[in-house]
Every structure is written in C-alpha cells, then in structure tokens.
Amino acid sequence: MRLSVLCACAALLAVATASAQPPRPIVIKDITVEGNRRVQEAVILGRVQTKPGSFFNPSQLSEDVRSVFGLGFFDDVQLKVEDFEGGLKVTFVVVERPFVRDIDFTGNKKLATADLQDKIDLKLGSVYNPVAVQKAKEVLQDHYESEGYFEVQITPEVEKFSDGDVKVVFSINEGRRISIDKIIIRGARGLDESEIKKALATQEREYWILPGKLQRQRIDEDIERILAVYNDNGYVQARVESHEIQVDRQKATVNLIFTVVEGPQYRLENLTITGVTLFPESEVLRVVKLKRGDVFSRTKLRETLREITDLYSTIGHASADVSPRTEQVEATAGVNVVLDINEGPETYVERINITGNVRSQDKILRREIPMHEGELFTLQKLQRAKQRLNNLGFFETVNVSTSPGSDKTKVIVNVDVKERPTGVFSLGGGFSSVDSFLGTIDLAQRNFLGRGWEASIRLRLGANTQQGVVSFTEPWLFDRPLSAGFDLFSTSRSYTDYDYDQLGAGLRLSHPFLEYWRWHAQYRISRDKISHLKEDQTSALQDQAGTHYTSLVSGAVTRDSRDNLQLPTRGGLLSVAVDVAGLGGDLHYVKSVANASYFKPLWLGHIVSGRVEGAYGFSLDNKDYPLFERFYLGGPNTIRSFKFRKLSPKDENGFPTGGTSEVLGNLEYIVPMPLNIRLAGFFDIGNVYGFSQKFDLTDTREAVGAGIRWFSPFGPIRVDYGINADRRKGEDFGALNFSVGSPF
C-alpha cells in the first residue's frame, strides 16, 4: 500500500507554518473514488471516517486508506489530494483484485471433483487471494493423504481473462494409494500389543480383508486411545513418547510406529465417599465399579461417577455432583480415591421445549413424555421419554437433553426431533420362504393428519396367500391413553394339505398401566372355511372341513421395555394372552399363549437375545380343537431348521394335524457390521404336542444356525439358515428362511 500526497499539499503546509499569522484550517470540499469496477463507491466511502466539510487531517486520511485496504478487495490503495473550490478534493485511487471466475481440477481420477470442491473454501465469485489458494492446496493435500495418497502432488495455476479476472486450476498427480503394512507398538511390556491395536481408529485391515489406510488426522486420536487403554489398565503415568510413519515407496506401504513408556501399574488402595446423607453409604458403594485391590481404571471411575449421579436422579436430585480426587502413592504403586458428593436440591421441570415437529401436533409428543412442568425431574423419566418417542415410529432421530433452569432447583427439558415420512403408498413384490412370491399394495399413514392416527389398507397377492386388511387406530381416545381401533380382514391361504379362507372384523382396546405395562381387549367375529382336504385324511380331520363362524373375545397383558421395536438392543417383552370363543358362533374353544423375550447389549454393539414361549388350546365342547387355531412350528420365527409349519404331530397317514400345545425357546447372538448389516448365530429348541403326540418336555427338536440381517429402508430383512441338530429319518438337513422384521 502506498500513500501519495501532491506537492501542492506540502507547499500549502510549508507556507502555513512559515506565516506569522495563525494557520487557517484547510477544508475538504469533496471526496471521490477512482479505479473501482465492481466494488461500489458507497461501500468504499462507508469505511472512510473523513467527510466533506471536515478539516484536512493527514493522520486520519492515512487511517482511512488502511480501512479501505482492509476491505480485502484491492491490491493497492493510494490517496490523491488537489485544490478544489477554495479547499481540497481527496480521491481514493484503488486497484481492484481480480475475482475467481472459474475453478477447475485436472488429473484427479480417484477422488471426485465435487468432493474436492467441497473440501476447499475457495468459491466462485470470491476475490482472488494467493494466500487462500495456497491454503486450498494444503487442504487438498491433507484430504488426499487422509485417503492414503501420500505421493500426491498438487500445483495451483492461475489463468487470467482479458478483463482481469482469473481461473484457478489445481493440477493433480495423485500417485499410488499407500496402504498400511504394520502398526507397531514399541515399548509395550505390561499390555499385549494386540490389545492396544484393537483400540485404535487406524487398523491394519478393514473388514478383515482390505488393507487399512493411514489418515494423518487420526493419529492424534490414536494417541489418545492408546493412553486410554493404558489408563484403564492401571498405567496412569503412561505416555506416547513419539510416533513415526515409515513409507516404503517401492511397495506402496507404510508402517505406523508408536513408542510408549508404560510406567508402573497402579491398583486401588483406598476409596472414600463423603457428603452422603440421603442414602445409606452402602447403597452408594453398591454402584461403585472400583473395588479395593482392583487395577485402577479411569473408565470405571467415570462409570462410577455416572452411576452415582443416576442413583441420585432416581429421587429427584438431578443436580447432584460428584467430584473425584485421586492421589498416587508411589511407594506402593497405589491410588487413593476420594469421591466428594454434593447432593444438591430436588430438581423440578421448569419447561419442556419441543422442536423439529413440522407435521406432528405438539400434543402428540407431549402426551408421550412421562413428565410435566412443575413435576419432580428424574433421569429415568427422561430416558423413558426418548424411548416412547422413538417407538412412535414418526421420527428419524429423537434427541432429549436438559439445560439449566432459572435456578438450581429447576431444569429445562429439550426435545428435538427429525420427522420421517410416515405415509406409504407402494406397489411392489417380494419373496419369502413362507409365502413364496408376493405382490403387494400398501396405502398406510402412521401419523394421519399429524394427530397420531394409524390408518392403512394392505393387499397381499401371492402364490399361496391372498390377504386384504383395512385398519384404523386412535392411540389416544378422548385424549386419554386409551388406544381403540378396528380391523376388517379377508385371508385366503393354501397349505400343503388344505385351503383356508377367513373373512371377519375386529374391535380393539388397550390401555397402559404402571411402567411399561398395557392391557388389551378385543372382540372378533369371523367366517372360517376349510376346503380341499385330501380324501385319504382321517375322519377326525374330514370333520374340520366346511364353514364355521367364530365369535371371540380376547384379553392380554403385556410389558414392553424394548428400546426400539424394529431393532431392539436392550429391554424385553412379556405377553400373556387368552382367547375365548363361544359368545355365539358354532365354535367353542380357549386358546392361551405366553411368551417372554429379552435383549441385552454386551460390548462393541454385540447383543444377546432370547425368547421362551408356551401355548395351549382346548375345546369347550365335544368337538375337536379347530384346525385353523392349532399350533405348528418351523419357519423364520420359530424352529429355523424346518420350513414354515412343517413341525407338527402327524396322523397315521403322515398328515400334519397341528397340536394343542407347544413350547419354544430361541437364543441369538448378534454382531453389528458396517452398512446397517448384522450377523447372528442362533439356537432354537421346541416342539408341538397333542392328538397323536403326547406332551413330553424331554421330547424337543433343536436347530443351530446363522443368519444375516440388513436394516433396509423397508424394515429389517433377515436371511437365516438353520441346521437340523437332531435330524430324523426322512427330514431335511436344514432350511433356508427369508423374512422381514425381528424374529421375536
């Protein structure tokens, strides 16, 4: 930047100084701008403090030049001063920087141009700045190295247009992608090197088979992870002394080397708790994760702090605070821990803020939140609110948090949701091992008019099944948690040995009580028809043929504490249901089913889950128990080594008669994988009894197998293969099953 003042201005100052008379102030008559093409004059003069009519002040004009230059639009700003109408005219002469009219990338083959453009701050229409171009080059270099291209060379070039604007071209020579050969932990003595490497974000192999890639920005994270592993194993003085990247240009591989200094391993020597008045101290000690003599672990210490604050939250002291103090005893390699507890006052809900609900009415969310303004706040209520909102199925994400209220006795609950499409109109098809090929028509809305109503029309047309269902549910009848609805249904199904047709309607009611519990009541009337029984069937089965009318009432009690209905990871479902037919119609029977399932997270997203189920049905008159209400096992949701309904008692002709009772047990171990995929290993056990097979719990069938689950946009899709663990004569080795949804 240069500041030029005409010699006339200097002469005027000299004359004024030499005169014996007091100097007469020089007035600035006009201020103008020259050289600006794009930047408006008003923008430039808006940074100038000197105004027409003010006195000439060289110091202020110098500041004005700096301010104009500070706009960032100019390569040069000069000042021109000349006589004008008995005063001075000041002109700011500017030289504008060129604008970036185009940005291009050449030579990039592995990384997309759009991806590279998103990484840099240099944008079309911005003022050209060589510093910004150099910064963009460095960002691109880091991005390439993060993807494993350590040989990349990036050269920025500037091409000028005739009007002075420029085009910035990044010429890229990507080179080879360098993969990780080995990760080496030098100095590891107390811990096994493999244990440390498991905790790193950088891995030698991705998905077990692909070579890993080195990302420089992950190295700092990996250093923290190494320290965390050591701190959790008692090495509280451990440090990562250095790290080194050894590149083998010939093989295009890299070795990542961390050098660690472990220090001694510390154990918990003493743990003291202070400030406890609201609980017996033994109750607080019960949730402490560290015991005397244990290897000291910072993670367990953090878990202890969380468990103690959660404990206080159960009695409304959500502001309780635990301050840990640790003291290292060098002589014994021990750690003394003191937990100072500030129990705080009882905390109440001051306000509940809900954001993100565009279609859903506010009350739809508020009625699912088990707390209200002015009530005692507990962490359990907050967690339950998130669970219930998630299980509505209306939202992609549900974030529930708290912020401080107007004082320490108040808390503000913040609920932020992101709505998902809840309406479905689809024409499609599919295949399952149960129904073979299916054509589907779905018209459904789970949040009709934003009021939480559920309405649907569903048609299933397949080789073995034709089904139509019209349903409507009001989950909060009369603004009370009383769910009411009706169903109209028609089903035709072809089994191996007979055809079954059903036409009917049902009314439903349900209401929650206590925590997680709900009772259900239903009335159903239907016309049931069995036809095309084989001629060689026994007379008992032939008597089942024909048309029957069923008038049925049912009652059920459920306890559902699952965290997610589609993909549960914790909690369980307990259900006991009884159907009684005989209030009219020509069928009189009782059917009861009880089951319990449970899901428990283990480590790194692994889940173990299980289910037990028992069922029993009997006739209330001298007729046999209805064929279409009998029990069968086999298929994707029961014993997975058998096809659907293939496990059943048989008569003397080998016809599966179904049973009047069944027992079932399932155990699964689930391993999460990338891309919403999960692997599962399972064990199934159970059997069906009645008629030709005596009830005997020692007579069961077993299956072992594995499967894959994919959480697709249409719901969880499962493929399982079960092996018949106690294969008998004439039975298949196993069965492959396809289905949608959770197995239990």
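Can you give me the ranges of the strands (runs of 3 or more DSSP E) entirely in segment 278-380 with at least 1 residues that are basic (Lys, Arg)?
Values: elements: 321-329, 334-342, 348-355.
Here the list reads 321-329, 348-355.
Condition test on Thr155, is it modelled with pLDDT under 90 and touching a strand residue (DSSP E or B) at 6+ places or on another chain (Cβ under 9 Å)?
Details: modelled with pLDDT under 90: no; touching a strand residue (DSSP E or B) at 6+ places or on another chain (Cβ under 9 Å): yes.
So Thr155 fails the test.
Go through segment 703-744 residue by residue and tally those that are of a type in the set (Val, Ile, Thr) and under 29 Å from the mean Cα position of the chain (by Cα). Show your work before the answer.
So the first thing to find is which residues in segment 703-744 are of a type in the set (Val, Ile, Thr), and the list is 704, 708, 717, 719, 723, 740.
Next, only the ones that are under 29 Å from the mean Cα position of the chain (by Cα) stay: 708, 717, 719, 740.
Adding up the residues that qualify gives 4.
The rows are residues; the columns are (1) touching a Pro at 6+ places or on another chain (Cβ under 9 Å); (2) acidic (Asp, Glu); (3) assigned by TED's automatic domain parsing to the domain that holds Asp294; (4) surrounded by 17 or more Cβ atoms within 10 Å (Cβ to Cβ).
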{"position": "Leu214", "(1), (2), (3), (4)": "no, no, no, yes"}
{"position": "Gln217", "(1), (2), (3), (4)": "no, no, no, no"}
{"position": "Asp222", "(1), (2), (3), (4)": "no, yes, no, yes"}
{"position": "Ala238", "(1), (2), (3), (4)": "no, no, no, yes"}
{"position": "Thr272", "(1), (2), (3), (4)": "no, no, yes, no"}
{"position": "Gly275", "(1), (2), (3), (4)": "no, no, yes, no"}
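When residues of segment 469-483 are filtered for being of a type in the set (Val, Ile, Thr) and more than 29 Å from the chain's Cα centre (by Cα), how many remain?
Filtering segment 469-483 down to residues of a type in the set (Val, Ile, Thr) leaves 469-470, 473.
The next check asks that each one be more than 29 Å from the chain's Cα centre (by Cα); those that pass are 469-470.
Residues in segment 469-483 being of a type in the set (Val, Ile, Thr) and more than 29 Å from the chain's Cα centre (by Cα): 2 in total.
Which pairs turn up if I take residues in segment 115-135 that are modelled with pLDDT under 85 and look for partners that are loosely packed, with under 12 Cβ neighbours inside 10 Å with beta carbon separation below 7 Å, at least 6 apart in sequence or on another chain?
So the pair list comes out as Val127/Gly72.
Take the residues of segment 455-484 that are aromatic (Phe, Trp, Tyr) and not in a strand (DSSP E or B): which is nearest to Arg645 (Cα to Cα)? Walk me through it before giving the result.
Taking segment 455-484 as the starting set, the residues that turn out to be aromatic (Phe, Trp, Tyr) are 472, 476, 478.
Keeping just the survivors that are not in a strand (DSSP E or B) gives 476, 478.
Working: Trp476: 37, Phe478: 42 Å.
So, considering only residues that are aromatic (Phe, Trp, Tyr) and not in a strand (DSSP E or B), the one nearest to Arg645 (Cα to Cα) is Trp476.
If Asp142 satisfies every condition in (1) within 29 Å of His243 (Cβ to Cβ); (2) in a strand (DSSP E or B) but one, which is the exception?
(2)
Name the single residue that is surrounded by the most Cβ atoms within 10 Å (Cβ to Cβ) among those in segment 284-335 being more than 34 Å from the chain's Cα centre (by Cα) and among the acidic types (Asp, Glu).
Here the answer is Asp294.
Between Leu382, Leu365, which is out of contact with any Asp or Glu (no Cβ under 8 Å at 6 or more places or on another chain), within 30 Å of Val276 (Cα to Cα) and without any contact (Cβ under 8 Å) to a residue 60 or more places away in the chain? Even if it seems obvious, please write down each step before you answer.
Values: Leu365 fails: within 30 Å of Val276 (Cα to Cα).
On inspection, the qualifying residue turns out to be Leu382.
Regarding Val415, is this residue at pLDDT 90 or above and either assigned to a loop (DSSP other than H, G, I, E, B) or over 30 Å from Arg298 (Cβ atoms) (or both)?
Values: at pLDDT 90 or above: yes; either assigned to a loop (DSSP other than H, G, I, E, B) or over 30 Å from Arg298 (Cβ atoms) (or both): yes.
Yes: the conditions hold for Val415.
Check segment 649-665 and report whether any residue there is under 22 Å from Ser494 (Cα atoms), charged (D, E, K, R) and either surrounded by fewer than 16 Cβ atoms within 10 Å (Cβ to Cβ) or within 30 Å of the chain's Cα centre (by Cα) (or both).
yes
Have a look at Leu449, Leu507, Leu459 and point out the one that is without any contact (Cβ under 8 Å) to a residue 60 or more places away in the chain, within 40 Å of the chain's Cα centre (by Cα) and on the phi > 0 side of the Ramachandran plot. I'd like the intermediate steps shown before the answer.
Numbers: Leu507 fails: on the phi > 0 side of the Ramachandran plot; Leu459 fails: on the phi > 0 side of the Ramachandran plot.
The unique qualifying residue is Leu449.
Can you name the strands (runs of 3 or more DSSP E) wholly within segment 36-138 that have at least 2 residues being in the same structural domain as Gly164 (by TED's automatic domain parsing) and under 30 Å from Asn173 (Cβ atoms)? Explain how you work it out, then say what you get.
Values: elements: 74-84, 87-96, 100-106.
Fully inside segment 36-138 and qualifying: 100-106.
Sort out which residues of segment 524-540 are part of a strand (DSSP E or B), surrounded by 15 or more Cβ atoms within 10 Å (Cβ to Cβ) and of a type outside the set (Lys, Arg), and write them in order of number. Talk me through it step by step, then tell me what you get.
So the first thing to find is which residues in segment 524-540 are part of a strand (DSSP E or B), and the list is 524-531.
So of that shortlist, the ones also surrounded by 15 or more Cβ atoms within 10 Å (Cβ to Cβ) come out as 524-526, 528-530.
Scanning segment 524-540 gives Ile525, Ser526, Asp528, Ile530.
Give segment 627-641 a look and list any residue that's under 15 Å from Asp579 (Cα atoms), free of Cβ contacts under 8 Å to residues at least 60 places away in the same chain and surrounded by fewer than 22 Cβ atoms within 10 Å (Cβ to Cβ), or say none.
Glu629
Take the residues in segment 360-378 that are surrounded by fewer than 20 Cβ atoms within 10 Å (Cβ to Cβ) and aliphatic (A, V, I, L, M), then tell me which one is nearest to the chain's Cα centre (by Cα). Steps first, please.
We begin by selecting, within segment 360-378, every residue surrounded by fewer than 20 Cβ atoms within 10 Å (Cβ to Cβ); these are 361-363, 366-367, 370-376.
Filter once more, keeping what is aliphatic (A, V, I, L, M): 371, 376.
Values: Met371: 25, Leu376: 29 Å.
The qualifying residue nearest to the chain's Cα centre (by Cα) is Met371.
If only one of Val260, Val169 is β-branched (Val, Ile, Thr) and crowded, with 19+ Cβ neighbours inside 10 Å, which one is it? Reasoning before the result, please.
On the way: Val169 fails: crowded, with 19+ Cβ neighbours inside 10 Å.
Of the residues listed, the single one that is β-branched (Val, Ile, Thr) and crowded, with 19+ Cβ neighbours inside 10 Å is Val260.
Got a number for residues in segment 160-184 being modelled with pLDDT under 90, assigned to a strand (DSSP E or B) and farther than 20 Å from Lys213 by Cα?
Here the count works out to 2.
Filter segment 650-672 for residues that are at pLDDT 90 or above and either under 22 Å from Ser531 (Cα atoms) or outside the structural domain of Gly605 (by TED's automatic domain parsing) (or both) and give the result.
Gly659, Thr660
Considering only residues that are over 18 Å from Asn36 (Cβ atoms), among the polar types (S, T, N, Q) and free of Cβ contacts under 8 Å to residues at least 24 places away in the same chain, which ones fall in segment 47-95?
Across segment 47-95, the qualifying residues are Gln49, Asn57, Ser59, Gln60.
The values are calculated or read from the model by the stated rules, or taken from the named source; none is laboratory data. It should be emphasised that the depicted structure is a prediction, and the values quoted were computed from it without experimental measurement. Methodologically, a virtual Cβ is constructed for each residue, glycine included, from the backbone with ideal geometry; neighbour enumeration extends over all protein chains shown.
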